Amino acid sequence: VELCSSGTMKRQRESCHLRKLAKYTRSGRFRRVAKRLDKMKWSASDNVPDYRDENGRSLLHLAAAEGHGGLIRTFAELGCSLEAKDVHGNTPVHLILYHCLQTGKSPVIADRLLSDLLGCQRPGRRAELLRLCNSAGVSCQRLLDRLADQEAATSAAADAALTADIDERDADNSETIIWQRRLADAAADDADDDNDGAGFFQDEGEAFWTFETLDDWFDRIGREYAERRQRQRQQRAAAAELPEQPPPRQQRQCKQLKLADTPSAAPECEAYLRYKDSYLAFFQSKSVIDSVDEVPWPPFLIDSAVGPEAALRWLRLAVGGDAEGLVAELRQLRVLWHPDKFMQKFGDRLPAGRPVREAVLRRVTLASQLANGAAALLAG
């Protein structure tokens, strides 16, 4: 067996962490990056390994290419080189400006990202970085000027479009107002002065005729009010004749479980509701399971002698004979009491190597077998 030296294992571990750092940096997952750096105990005083991907980009390059300001500041403070170039000769400043040009960001955003990159650098450092060129001979200052020209062109186009829209809207409004005035004048000229029941109204340029007098309007409103009160009295009288409904909480839970409001199903319904409440409290709890009785078992799981037929018969009473509700409850029970699912959720709360763990697993297996058997009987 070939054994690896401690130095080789350390380099492999650092390489794995650096690959994960690069993945989290591209997606902008700042918390994952901070957790990974804290786990490796890398700081500005340490010699952080110089990671390069297939394009020759460092972690600072990756953060700059995506415009993640917080990560740019983090890697710059860790000592990543600000003048490092990728295979195309681009520095982190190049990638920041390329990102702003491609996504249409303003020079203000670019200046903010550059401030995150420079941090506490000396005053002349910004000018030095802006003079650097890539393999195509494009300098950072040229990209910054192009970003300013793009912002100016975008602003001019937006102003022109806004001006045209305002002019068109004003023209439409002025034409509409003129026609409204003409219609109002024509209606006023055609009005019959002898018709007392007609009235002409004009509101904000809109004109309309009504042939309802004020007295007729009051009579119509009174009739509508009386009819509405009569309908309300009839609804209250019909509601008083209905049987008394259960409390809102019980009614809501019975509706969720699709339980029938029949006297024969009431005990099973209440038992099933109590089981669901206790299971929810058990699921939210984080305490250690010290005994089998602390687990909220299904009500039909009375002892080891119960069979699938008894379990299915009990569930039919609990859901009131509703076929869809019975299928849904069986599906939920099969998922909740599957041994693998149960261990995934509550395995860390069971004591290791003790009889309690084995007893709980036996009971869970029995509940799963009963639920599967009841589902098979229902399907058959």
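Per-structure values
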item	result
Residue that is modelled with the highest pLDDT, among those in segment 72-95 that are touching a Gly at 6+ places or on another chain (Cβ under 7 Å) and closer than 21 Å to Y24 by Cβ	D86
Hey, A318 in contact with a Cys (Cβ under 8 Å, 6 or more places away or on another chain), in a helix (DSSP H, G or I) and modelled with pLDDT under 80 or not	yes
Residues of segment 347-380 satisfying the condition of being more than 23 Å from R313 (Cα to Cα) and of a type in the set (V, I, T)	V356, V360
Long-range neighbours under 8 Å by Cβ, at least six apart or interchain, first residue outside any helix (DSSP H, G or I) within segment 266-291, second of a type in the set (V, I, T)	I289/V295; I289/V356; I289/V360; D290/V356; S291/V356
Segment 336-380, subset under 19 Å from S291 (Cα atoms) and not in a helix (DSSP H, G or I), residue modelled with the highest pLDDT	W337
Test: residue in segment 187-205 that is at pLDDT 65 or above, of a type outside the set (K, R) and either part of a loop (DSSP other than H, G, I, E, B) or surrounded by 10 or more Cβ atoms within 10 Å (Cβ to Cβ) (or both)	no
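The values are calculated or read from the model by the stated rules, or taken from the named source; none is laboratory data. Small disclaimer: the values here were computed from a predicted structure and weren't measured. Ideal geometry is used to build each Cβ from the backbone, glycine not excepted, and the neighbour counts take in all protein chains shown.
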